[in-house]
Amino acid sequence: QVQLVESGGGLVQPGGSLRLSCAASGITFSIYVAAWYRQAPGKQRELVGSITRDRITNYADSVKGRFTISRNNAENTVYLQMNSLKPEDTAVYYCKLSLGRVEYWGQGTQVTVSS
């Protein structure tokens, strides 16, 4: 059974940092593309960024220079380091693993940026 479990969300002040983790089990993690998405209230889910199995990364323009995605294949975990957080980064953040048409999603973790 495949499971993706996100953690690390919470409340942070503007300008602060958070590191999200997504731990996978029941899957050959290293061969999958990993991605982070987010969904703010009343908005569609959007791609934050992704990392291939060769560690090639891609980011949405809104987070470039502030967010960094990394992965540890030995620990079956993908990370999202978020710096210089803004109120507009407030959302539920989801991780996704994909290989062709096969996709697995985590349950999401809430990130709130507020003073």
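The values are calculated or read from the model by the stated rules, or taken from the named source; none is laboratory data. Worth saying up front: this structure is predicted, and the values here are computed from it rather than measured. All Cβ positions, even for glycine, are placed from backbone atoms using ideal geometry, and neighbour counts span all protein chains on display. Calculation scope for accessible area: heavy atoms of the full protein, side chains included, ligands and nucleic acids excluded. Shrake-Rupley method; radii C 1.70, N 1.55, O 1.52, S 1.80 Å.
In whole Hz, with x marking every Gly and Pro, tabulate ³J(HN,Hα) for the stretch 8-16 from phi via Karplus 6.51 cos²θ - 1.76 cosθ + 1.60, θ = phi - 60°.
Values per residue, Gly and Pro as x: x, x, x, 9, 9, 6, x, x, x Hz.
On the accessible surface of the chain, probed at 1.4 Å, how many percent belong to carbon and sulfur atoms?
45
State the antiparallel share, in %, of DSSP beta bridges confined to the chain, rounding to the nearest 5.
Within the chain, antiparallel bridges account for around 95 percent of the total.
Apply the Karplus parameterisation 6.51 cos²θ - 1.76 cosθ + 1.60, with θ equal to phi minus 60°, to every residue of the stretch 54-66 and state each ³J(HN,Hα) to the nearest whole Hz, in sequence, with x for glycine and proline.
Each residue of the stretch 54-66 in turn: 8, 6, 7, 10, 8, 9, 5, 4, 5, 10, 4, x, 10 Hz.
Find how many whole Å separate the alpha carbon centroid of the stretch 43-86 from the alpha carbon centroid of the stretch 10-30.
9
Can you figure out the FRET efficiency of Ser98 with Glu46, using R₀ = 22 Å and their beta-carbon distance, to the nearest 0.05?
FRET efficiency, Ser98 to Glu46: 0.90.
Taking a probe of 1.4 Å, how large is the accessible area per residue of the stretch 1-58, in Å²?
57
How much length is gained if the chain between Lys86 and Arg19 is pulled fully straight, taking 0.36 nm per residue apart and subtracting their Cα-Cα distance, in nm to one decimal?
22.7 nm
As a test of the definition: which semi-axes, in Å, follow for the chain when you take the square root of five times each eigenvalue of its alpha carbon gyration tensor? Largest first, please.
After scaling each eigenvalue by five and taking roots: 23, 14, 13 Å.
Multiply the residue gap between Ser114 and Asn73 by 0.36 nm, knock off their C-alpha separation, and tell me the result in nm, one decimal place.
My answer for the length gained is 11.4 nm.
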